């Protein structure tokens, strides 16, 4: 090998080394790895904040649901746990706009019982100082229906297979 050929090989090696290490001045082969960062556009956590606030609001609204087990049997009388639940609702109702939801009977089987429960809870709320209790207390299906033990067992079995 002549001295000229050695210089050519050395310069080719240096050029190739610079290109491979990304010092080629933007040749483009690794441009995807260098995503531009703009701290002014999206400060840390900004994109997640709205999602977290929505989850928090849904969780607080769920605390305003009176389920069927908050009543004694097929009556409009609150159970001891239901009375405690109503007191918790009263403590929060003055500061948040959520409706008080009375869970509708299964398959809407007894609308008169549902209305009696609604009226009973609205009256208790009004007696405890919630001025708009009649307007805020509604009957509706609970937002999330739980699973029976058979349904839950079937789902667990499906995930194991």
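The values are calculated or read from the model by the stated rules, or taken from the named source; none is laboratory data. Note that this is a predicted model, so its numbers are computed, not measured. Because the Cβ atoms are built from the backbone with ideal geometry, glycine has one as well, and the counts that use them run over all protein chains shown.
Residue count for region 37-71 satisfying the condition of being within 15 Å of residue 117 (Cα to Cα) and under 12 Å from the mean Cα position of the chain (by Cα): 0. Against the conditions (1) in a helix (DSSP H, G or I); (2) surrounded by 11 or more Cβ atoms within 10 Å (Cβ to Cβ); (3) at pLDDT 85 or above, residue 154 satisfies every one except (3). For residue 47, the conditions (1) surrounded by 10 or more Cβ atoms within 10 Å (Cβ to Cβ); (2) at pLDDT 60 or above; (3) farther than 18 Å from residue 137 by Cα all hold with the exception of (1). Of everything in region 72-86 that is without any contact (Cβ under 8 Å) to a residue 24 or more places away in the chain and under 28 Å from the mean Cα position of the chain (by Cα), the residue that is nearest to residue 127 (Cα to Cα) is 83.
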